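Q: If you scroll down you'll find the structure; I have some questions about it.
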Amino acid sequence: MRLLENNIQSYDFYIEKENMSHQILKGLKAPVKSISSKFLYDRRGSELFEMITDLEEYYPTRTEKKIFTESIEEITKAVGDVHTLIEYGSGSSNKIKALLHNFTSLKEYVPIDISREYLFQSSLELAMQFPHITIKAVCGDYTAPLTLPLEEEGKKVIFFPGSTIGNFEPIEVRNFLMKSSQLLKEGDGFLIGVDTKKDILTLEAAYDDAKGITAAFNLNLLKRMNHELGANFNEEHFEHLAYYNEEKGRIEMHLESQCDQIVKIGESEFTFHEGETIHTENSYKYSIDEFQMLALECGFRPSKVWTDDEGKFSVHYLEK
């Protein structure tokens, strides 16, 4: 633990390079090449994603923000008195401010993220804005086992905004929700953002914008591997590819090789054929009924749900 300010503590549990190298090499050696979407978020990747959230085509962030703005009193009432608020994948922590303002009984806030610089910088800014709340910034992978620095007393609520739950495969979603349920006791809760199913044009535009910011975000992964793992990817030999897989109910993002090529990462070599892809992200979409049924199966009781007028996005409060 490191004390950054009077009301902020930092905990660094993430061995970034070792985890990244092992997982990326494993993914690229698989019959269908893939890399976990969490590796899209180095500092530059996080900055690019923040730019994506402001794009006209990218509806999830502004729609979720609108739901919180219009329904914050209802959300605050439904959640009740919270002692500890835990946020998975906090990033820049922009979305948390409404809750920190309105959860008047809150004593500690625990943001968890693997983007170290982004996490600690945003935590410092929040510490100055909310000096009465103890902030425990945890640099770690919230999908992996973590011993969180939590106080035993009071109600705990997990906050997981932004439809990131859609990045998990169906079996991973169940494991993740059950693991989260085990972290909580009866009476605690989970406040989560979930993107809904909608027309294909709207979905695909959100992940392949006209300005090419999402393409830059995806291609930045190649730069990151070159810089951090000693790879020799040529960005010009890959293109961003995003489409909706209707059968599986998900957006898929890929990096598509534009030619036959061999890429080195350290001592390992990988052959790419023209048209072959690296699968970098999935974003599953759920109807309200689908997600509530899933939550029930994983140890939660669906309590309340809020949506926008067009039903583009949903925010669920689940009780343990």
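The values are calculated or read from the model by the stated rules, or taken from the named source; none is laboratory data. Note that this is a predicted model, so its numbers are computed, not measured. Cβ coordinates were reconstructed from backbone atoms using ideal geometry, including for glycine residues, and neighbour counts include every protein chain displayed. Heads up: the accessible areas ignore ligands, DNA and RNA and are worked out on the full protein's heavy atoms, side chains in. Shrake-Rupley method; radii C 1.70, N 1.55, O 1.52, S 1.80 Å.
Q: Rank Asp309, Asp113, Asp12 by mean-square fluctuation in a GNM of the chain with C-alpha springs under 10 angstrom and give only the top-ranked residue.
A: Looking only at Asp309, Asp113, Asp12, the largest GNM fluctuation is found for Asp309.
Q: Taking a ≥ b ≥ c as the square roots of the Cα gyration tensor eigenvalues, with a/c under 1.5 meaning rounded and otherwise prolate when a/b beats b/c, else oblate, which class fits the stretch 50-125?
A: oblate
Q: If you take the charge dipole of the chain about its Cα centre, with +1 on Lys and Arg Cβ and -1 on Asp and Glu Cβ, which of Gly299, Gly275, Ile288 is farthest toward its positive end?
A: Farthest along the dipole direction, towards plus: Gly299.
Q: What translational diffusion coefficient, to the nearest whole µm²/s, does the chain have by Stokes-Einstein, given a Kirkwood radius computed over alpha-carbon pairs, a temperature of 4 °C and 1.567 mPa s viscosity?
A: 63
Q: Okay, moving on. What part of the accessible area of the stretch 200-320, given as a whole %, is carbon or sulfur when the probe is 1.4 angstrom?
A: The nonpolar share, carbon plus sulfur, comes to 45 percent.
Q: To check you understand DSSP bridge types, tell me what percent of the beta bridges within the chain (both residues inside) are antiparallel, rounded to 5.
A: Percent antiparallel among DSSP bridges in the chain is about 60.
Q: A follow-up question, please. Over the chain, with a Gaussian network built from C-alpha contacts below 10 Å, which listed residue (Gly299, Gly230, Gly189) shows the highest mean-square fluctuation?
A: Maximum among the listed residues: Gly230.
Q: So if the hydrodynamic radius of the stretch 54-212 is defined as the Kirkwood radius over C-alpha pairs, what does Stokes-Einstein give as its diffusion coefficient at 25 °C and 0.890 mPa s, in µm² per second?
A: Roughly 147 µm²/s, to the nearest whole number.
Q: Next question. Is there a pair in Lys29/Lys197; Lys211/Lys264; Lys77/Lys320; Lys33/Lys179 whose C-alpha atoms are over 23 Å apart, and which pairs would that be?
A: Listed pairs above 23 Å: Lys29/Lys197; Lys211/Lys264; Lys33/Lys179.
Q: Of the trypsin sites (Lys or Arg not before Pro) in the stretch 85-128, which ones lie in a loop per DSSP and count no more than 15 other C-beta atoms within 10 Å?
A: Lys107
Q: Give the peptides 199-209, 136-146 in descending order of average Cβ contacts within 10 Å, highest first.
A: 136-146, 199-209
Q: Hey, can you list the DSSP H helices of the chain whose Cα span along the axis is 18 Å or longer and whose average Kyte-Doolittle score is at least -1.0?
A: Qualifying helices: 59-79, 116-129, 170-183, 213-229.
Q: Kindly identify the stretch 104-193 as rounded, prolate or oblate by the Cα gyration tensor criterion: order the square roots of the eigenvalues as a ≥ b ≥ c, call it rounded if a/c is under 1.5, otherwise compare a/b with b/c, prolate if a/b is larger, else oblate.
A: Verdict is oblate for the stretch 104-193.
Q: May I ask you to give the solvent-accessible area per residue for the chain, in square angstrom, as obtained with a 1.4 angstrom probe?
A: That works out to 46 Å² for each residue.
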